[in-house]
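Below is one structure; the comments refer to it alone.
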Amino acid sequence: MNRIFNKRTLISLIVLAFSVMVFAKEHPNEIVETFTSPNTTFEKEVIKKIGNREVPSVTVVSPSEKKGVSLHDPKEINSILEPMSELKLKRIHNLPDSSKITPDYSIAISIEQEITFYITLDDKGKYLEIFNFSKNTHTVYQLQSVVNEEVLEKYVNTTK
């Protein structure tokens, strides 16, 4: 069952996102993974790391609209993750001037009742950040393919 977030929960998620981003900028050597190839996919960076573990919830937040929804139905969760698995990504070292970047969507993926991945889609689908809390990593990507934001929008704008 879905539930729409109240303002307090939404503010807490936004504060968590900004705290993680500040920490990532202050401690890049501690949390940024180094890879040999900058090209990858969302499937490799998130889906395969989830593996066969249960994903009990996915939370989608639109900071600009101040709306969010938590999905618990496996079909709805799959409808978010499956299209994203096809995304092609190019690893970059930093986002361009972060004062000019606007977060479009934030997605929290819980595994075994704990938020494991926190993903931000920034600047009209140009950049994607993945925070992997189980590995304590933060990686920034430039999107090489188009995100279907309609799927995310559908859930954020639906009140049940």
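The values are calculated or read from the model by the stated rules, or taken from the named source; none is laboratory data. These numbers come from a predicted model, not from an experiment. Every residue, glycine among them, receives a Cβ derived from its backbone with ideal geometry; neighbour counts consider all protein chains shown.
Can Lys124 be described as free of Cβ contacts under 8 Å to residues at least 60 places away in the same chain, in a loop (DSSP other than H, G, I, E, B) and not aromatic (Phe, Trp, Tyr)? Yes; evaluated as a whole, the condition is true for this residue.
For segment 52-82, a tally of residues being farther than 10 Å from Ser110 by Cβ, of a type in the set (Asp, Glu) and free of Cβ contacts under 8 Å to residues at least 60 places away in the same chain returns 1. If you scan segment 65-94, which residues turn out to be within 15 Å of the chain's Cα centre (by Cα) and assigned to a loop (DSSP other than H, G, I, E, B)? Residues satisfying the conditions are Glu86, Leu87. Against the numbered list (1) surrounded by fewer than 19 Cβ atoms within 10 Å (Cβ to Cβ); (2) touching a helix residue (DSSP H, G or I) at 6+ places or on another chain (Cβ under 8 Å); (3) more than 18 Å from Met21 (Cα to Cα), Pro63 comes up short only at (3). Residue check: Val20 meets all listed conditions (1) within 16 Å of the chain's Cα centre (by Cα); (2) closer than 14 Å to His138 by Cα; (3) modelled with pLDDT under 70 but one, namely (3).
Please work out if Val61 is modelled with pLDDT of 90 or more and farther than 21 Å from Gln142 by Cβ.
On the way: modelled with pLDDT of 90 or more: no; farther than 21 Å from Gln142 by Cβ: yes.
No: the conditions fail for Val61.
Here Tyr155 meets the list (1) free of Cβ contacts under 8 Å to residues at least 60 places away in the same chain; (2) out of contact with any Pro (no Cβ under 8 Å at 6 or more places or on another chain) almost entirely, failing just condition (1).
For segment 125-146, what are the residues that are among the aliphatic types (A, V, I, L, M) and out of contact with any strand residue (DSSP E or B) (no Cβ under 6 Å at 6 or more places or on another chain)?
Applying the first criterion (among the aliphatic types (A, V, I, L, M)) to segment 125-146 yields 128, 130, 140, 143, 146.
Residue satisfying the conditions is Val146 alone.
Of the residues contained in segment 68-80, none is found to be in contact with a Pro (Cβ under 9 Å, 6 or more places away or on another chain), polar (S, T, N, Q) and at pLDDT 90 or above. Annotation: Glu26 fulfils all but one of (1) closer than 27 Å to Lys90 by Cβ; (2) at pLDDT 90 or above; the unmet one is (2).
Among the listed residues Val147, Val151, identify the single one that is over 19 Å from Leu13 (Cα atoms) and part of a helix (DSSP H, G or I).
Values: Val147 fails: part of a helix (DSSP H, G or I).
Exactly one of Val147, Val151 is over 19 Å from Leu13 (Cα atoms) and part of a helix (DSSP H, G or I), namely Val151.
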